[in-house]
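Working notes, beginning with the structure itself.
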Amino acid sequence: MQPDIETVFRIQKDNCPILALTDAKERMERLLRIDNYLRDPDNLEELFEALYNDLRKPKVEAIATEIGVVQSQIAYLKKNLSKWCRDHKVPTPLPLIGTRSYVRYEAKGVVLIMSPWNFPLNLSLVPLVYAIAAGNAVILKPSEISSHTSAYIKKMIGKLFDWEEIAVIEGDASVASRLLELPFNHIFFTGSPGVGKIVMGRAAEHLTSVTLELGGKSPAIIDETANVPKIARRLAWAKSINCGQTCVTPDYLIIHESIRDEFIKEFTSSITEFYNNSGEGTENSPDYCRIINDHHFRRLKFLYEDALGKGACVVSGGDFDEHDCFIAPTLLDNVSEEMNIMQEEIFGPLLPIITYNNRFIVNQIIHRNPNPLMLYIASNNRDNVRYFMDWNHAGGTVINDYMLGYSNPDLPFGGNNNSGMGRSLGFHCFMEFSNKRSVIHRKWGSMGMIYPPYSDRVRQLIKMMYRWI
């Protein structure tokens with residue numbers, strides 16, 4: 001039986017030096033336990049059921065956005081972990097001749113991973129596998145909102161690992177608060193900017209390093225040169241997957257006024273093709289998720305009604321069913337920045353439309369919000385792409401597509417200021433969970449030539465040395 005939080009933390013603290021000494025082969029053996037567990041047909045069916053109960057997630061979407069992502073990261077680690085665990089040599093400047101310099105990536109110790117409910121398996125296990133790869137002990141706190149998947153993760157980890165290495169702690173905000181009282185060596189948090197500020201404040205009490213994967217209002221720009229049928233279809237999928245409950249989903253659309261009508265037509269047509277091809281209604285599609293719970297349903301309904309009350313109009317969708325937590329993919333036109341829907345991250349299948357006729361206006365709109373996690377640009381004009389890239393900061397950018405920012409482990413994924421700090425995926429995530437120790441090893445020679453007493457000759461030598469560095 002797993003003991004209380006403080007006892008788990010203390011024993012992991014005692015055990016983490018042993019884990020830090022494990023080599024790449026031993027760490028991969030641990031990672032492959034997770035991979036093999038997720039490939040077992042019985043375990044897989046149990047996971048499908050948990051994700052369906054939490055989010056009404058279809059199996060294909062569960063594989064594409066949850067299970068497959070975890071397995072692909074483990075496969076990537078299998079190819080690269082041995083290389084990452086070796087000493088990383090760096091050049092030696094001339095004044096340090098006789099030494100060799102290298103970076104050694106060491107485990108930070110005991111790390112806390114706090115994961116969200118929207119992709120409850122993916123966003124729990126991806127940071128977990130990198131924490132294991134770096135040699136850490138881990139306490140994982142999954143979201144209590146996605147309770148079925150959290151219970152699945154606890155059961156899985158309990159079967160695969162001793163709690164001295166990895167422990168899953170379930171519970172509500174009070175449990176999270178207790179965990180944040182402990183002096184972890186690193187905290188990896190995925191969630192909202194508001195909660196991220198709380199996590200960072202509590203971490204500061206112990207000078208604990210943090211990785212914050214947050215969100216914010218990620219704009220989608222579509223200029224007059226874009227291929228509207230293609231980009232509307234891609235955006236319809238991006239805004240609908242997981243019912244829009246994705247930190248990298250386009251939050252609002254800034255579109256050139258000349259192609260607005262064509263876009264609305266193509267977007268609506270794509271939604272029908274994806275989720276209502278049989279004519280039975282999107283609400284009856286087996287491929288469309290649901291809002292996670294009543295609270296978030298009511299939050300989205302409020303944003304929708306506030307927008308309509310202030311002059312917005314529905315040009316596509318607009319169907320709600322509170323008993324089923326169903327909200328159809330919905331386009332809102334005639335949106336102004338004073339509406340609540342433009343003041344906070346939507347995190348649902350509502351897409352506000354703002355039109356422009358001068359690209360300078362686009363920058364003004366984006367700059368009135370904090371730096372987004374992702375910036376989406378749809379354009380076939382190189383000058384426009386460069387202009388929007390140069391004048392707007394973001395954690396990442398995708399051009400002429402959507403949702404790909406979390407797909408390439410060779411690229412760092414993360415935010416900028418309000419949308420996060422630190423990076424995940426690939427070597428960047430391995431580094432987040434590692435202490436980058438610098439090592440200089442003297443093999444021969446010395447710095448005796450510049451020891452006191454400081455004569456004119458010594459002063460000249462020091463000046464020369466800094467010219468060579």
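Here's a check for you: in the range 214-245, which residue that is hydroxyl-bearing (Ser, Thr, Tyr) and crowded, with 22+ Cβ neighbours inside 10 Å is farthest from the chain's Cα centre (by Cα)?
Initially, the range 214-245 is screened for residues hydroxyl-bearing (Ser, Thr, Tyr), giving 218, 225, 240.
The next check asks that each one be crowded, with 22+ Cβ neighbours inside 10 Å; those that pass are 218, 240.
Numbers: Ser218: 13, Ser240: 18 Å.
For the range 214-245, the residue satisfying everything is Ser240.
Scanning for something touching a Lys or Arg at 6+ places or on another chain (Cβ under 9 Å) and among the charged types (D, E, K, R), does the range 227-236 turn up at least one residue?
no
When the residues of the range 80-111 are narrowed to those that are of a type in the set (S, T, N, Q) and out of contact with any strand residue (DSSP E or B) (no Cβ under 6 Å at 6 or more places or on another chain), which ends up surrounded by the fewest Cβ atoms within 10 Å (Cβ to Cβ)?
The initial filter retains those residues of the range 80-111 that are of a type in the set (S, T, N, Q), namely 80, 82, 92, 99, 101.
Next, from what is left, pick out any that are out of contact with any strand residue (DSSP E or B) (no Cβ under 6 Å at 6 or more places or on another chain): 80, 82.
On the way: Asn80: 17, Ser82: 14.
Filtering the range 80-111 for residues that are of a type in the set (S, T, N, Q) and out of contact with any strand residue (DSSP E or B) (no Cβ under 6 Å at 6 or more places or on another chain), the one surrounded by the fewest Cβ atoms within 10 Å (Cβ to Cβ) comes out as Ser82.
Tell me, which helices (runs of 4 or more DSSP H) lie completely within the range 360-469 with 1 or more residues that are more than 29 Å from Ser209 (Cα to Cα) and without any contact (Cβ under 8 Å) to a residue 12 or more places away in the chain?
Details: elements: 382-391, 426-432, 456-468.
Result: 382-391, 456-468.
Residue-wise test of (1) more than 21 Å from the chain's Cα centre (by Cα); (2) within 24 Å of Gly196 (Cα to Cα); (3) in contact (Cβ under 8 Å) with a residue 24 or more places away in the chain.
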| position | (1), (2), (3) |
| --- | --- |
| Ile63 | no, no, no |
| Val70 | no, yes, yes |
| Trp84 | yes, no, yes |
| Pro95 | yes, no, yes |
| Gly98 | yes, no, yes |
| Glu106 | yes, no, yes |
| Ser115 | no, yes, yes |
| Ala133 | no, no, yes |
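Do the conditions hold for Asn284, that is, is it assigned by TED's automatic domain parsing to the domain that holds Tyr304 and farther than 19 Å from Tyr304 by Cβ?
Details: assigned by TED's automatic domain parsing to the domain that holds Tyr304: yes; farther than 19 Å from Tyr304 by Cβ: yes.
Spelling it out, Asn284 is indeed assigned by TED's automatic domain parsing to the domain that holds Tyr304 and farther than 19 Å from Tyr304 by Cβ.
In this structure, is Asn340 in contact with a strand residue (DSSP E or B) (Cβ under 6 Å, 6 or more places away or on another chain) and surrounded by fewer than 21 Cβ atoms within 10 Å (Cβ to Cβ)? Working first, answer last.
On the way: in contact with a strand residue (DSSP E or B) (Cβ under 6 Å, 6 or more places away or on another chain): no; surrounded by fewer than 21 Cβ atoms within 10 Å (Cβ to Cβ): yes.
Spelling it out, it is not the case that Asn340 is in contact with a strand residue (DSSP E or B) (Cβ under 6 Å, 6 or more places away or on another chain) and surrounded by fewer than 21 Cβ atoms within 10 Å (Cβ to Cβ).
Can you find a residue that is in contact (Cβ under 8 Å) with a residue 12 or more places away in the chain, farther than 24 Å from Gly244 by Cβ and assigned by TED's automatic domain parsing to the domain that holds Pro116 anywhere in the range 187-196? Please lay out each step first, then the result.
Just the residues of the range 187-196 that are in contact (Cβ under 8 Å) with a residue 12 or more places away in the chain, to begin with: 187-193, 196.
Applying the additional criterion that residues be farther than 24 Å from Gly244 by Cβ yields 187-188.
Going one step further and asking which of them are assigned by TED's automatic domain parsing to the domain that holds Pro116, we end up with 187-188.
Looking for residues that are in contact (Cβ under 8 Å) with a residue 12 or more places away in the chain, farther than 24 Å from Gly244 by Cβ and assigned by TED's automatic domain parsing to the domain that holds Pro116, one finds at least one in the range 187-196, hence yes.
Can you list the strands (runs of 3 or more DSSP E) lying wholly within the range 1-114 that have 1 or more residues being acidic (Asp, Glu) and at negative phi?
Working: elements: 88-90, 99-107, 110-114.
Qualifying strands (runs of 3 or more DSSP E): 99-107.
The values are calculated or read from the model by the stated rules, or taken from the named source; none is laboratory data. Please read these numbers as outputs of a predicted model, since none were measured by experiment. Heads up, the Cβs are rebuilt from the backbone with ideal geometry, glycines too, and the neighbour counts pull from every protein chain shown.
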